[in-house]
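Q: Okay, here's the structure, questions in a sec.
Laboratory data are not the source of any read-out in this text; all were calculated from the coordinates shown. The shown structure was predicted, so the numbers you read here are calculated from the model rather than taken from an experiment. Glycine gets a Cβ as well: all are built from the backbone with ideal geometry, and neighbour counts include every protein chain shown.
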Amino acid sequence: MAIKTFTTGEVLTAADTNAYLGNGMAQYVTGTTFSNVASVTLLSCFNSTYDNYHLSFNVYGNSSASNYCYFQLGVGSTPTTTGYYSKGMWFDIGNAATFAYVNSDGRTTGMSLGPIGFASAGEGSYDVDVHYPFVSRNTRMSGHGSGLYAGVYYTGVTTAGLQTGTTSFDSIKLIPVTGTMYGTIDVYGYRKA
Amino acid sequence: MARPNIQIDDEVREMTEEEYAELIESGWTEEPTEPDE
């Protein structure tokens with residue numbers, strides 16, 4: 001819906017409130033909270049209402065070092081495990097003086113997110129935009145975030161990925177590379193009009 | 001040793017043997033690992 005410019009003294013109707021003020025750019029679609037699991041699948045998070053989505057992840061693990069996570073697109077409870085080109089790059093935000101590369105995750109089995117530290121103090125938080133997952137075409141993703149890596153590095157993360165198939169996806173599966181994890185996932189759709 | 005739990009939407013349960021085998025095959029470990037650069 002287009003932007004409306006209200007004028008001084010104009011009566012704000014219920015219809016305008018619902019149409020212009022109640023509906024922001026991003027609409028909440030679904031989300032979940034998880035605890036001590038080795039993977040979590042969120043169903044029905046993509047649909048025909050939206051083309052582009054914002055995914056917000058807050059995750060920490062039960063391993064004390066070198067843990068990180070990624071997600072896969074899927075159909076129902078079946079994830080797609082191949083056809084990705086993805087890389088997350090991690091740099092040290094605790095080093096104020098210079099740019100310091102920490103590590104990276106190159107991945108063909110999913111979309112790389114980034115480090116997740118031990119317990120809530122090491123939580124990794126990642127925001128990813130996913131483009132056209134429900135449409136039968138390639139799905140492109142890009143994001144950023146921060147997380148504690150190896151119990152030492154407070155990292156900043158930039159990540160990007162592509163799923164090269166033409167499957168219409170409606171779910172995601174989040175996986176840590178080791179141990180189990182705790183946290184939340186929230187999915188928002190970007191309004192098209 | 002018990003297999004780890006899996007969550008699908010709000011359902012939490014122990015992984016089946018098949019799911020656990022797939023998880024291991026994906027590279028998941030019980031111990032910390034290093035990323036492929």
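Q: Most mobile of A:D127, A:D105, A:D16 per a Gaussian network model of chain A (Cα springs, under 10 Å)?
A: Among A:D127, A:D105, A:D16, the largest GNM mean-square fluctuation belongs to A:D16.
Q: Another one. How many percent of Cα pairs in segment A:69-126 exceed 18 Å?
A: Details: 785 of 1653 pairs.
Result for the distance tail: 47 percent.
Q: Under 5 Å between amide H atoms, partner at least 5 residues away or on a different chain: which partners does A:V102 have, H built in plane at 1.01 Å?
A: Amide H neighbours of A:V102: A:W90, A:F91, A:D92.
Q: What is the distance in Å between the Cα centroid of segment A:156-174 and that of segment A:41-108?
A: Measuring centre to centre over Cα atoms gives 8 Å.
Q: Step through the residues of segment A:91-106 one at a time and calculate ³J(HN,Hα) from phi using the Karplus curve (6.51 cos²θ - 1.76 cosθ + 1.60, θ = phi - 60°), rounding each to whole Hz and writing x for Gly and Pro.
A: So the Karplus estimates, Gly and Pro as x, are 10, 7, 8, x, 9, 6, 7, 9, 6, 10, 6, 9, 5, 8, 10, x Hz.
Q: Determine the relative contact order of segment A:41-163: mean sequence separation of Cα pairs under 8 Å and six or more apart, normalised by residue count, in whole percent.
A: 32 percent
Q: What lysines sit close enough to A:K192 to cross-link, taking a C-alpha to C-alpha distance under 24 Å and skipping anything fewer than 8 places away on the same chain?
A: Partners within reach: A:K4.
Q: I'd like to know which of A:A15, A:L43, A:F99 lies farthest towards the positive end of the charge dipole of chain A, counting +1 on Cβ of Lys and Arg and -1 on Cβ of Asp and Glu.
A: So the residue we want is A:L43.
Q: Taking amide H atoms as placed 1.01 Å from N in the peptide plane, list the residues 5 or more away in sequence, or in a different chain, whose amide H sits under 5 Å from that of A:G165.
A: A:T139
Q: Which residue fluctuates most in the GNM of chain A (Cα springs below 10 Å): A:L113, A:L12, A:L73?
A: Maximum among the listed residues: A:L12.
Q: Can you pull the Rg over Rh of chain A, Cα-only, Kirkwood?
A: Using Cα coordinates only, the ratio equals 1.05.
Q: What distance in nm separates the two pseudo spin-label positions at A:Y28 and A:N47, each 7 Å out from Cα along the beta-carbon direction?
A: Reported label-point gap for A:Y28 and A:N47 is 1.5 nm.
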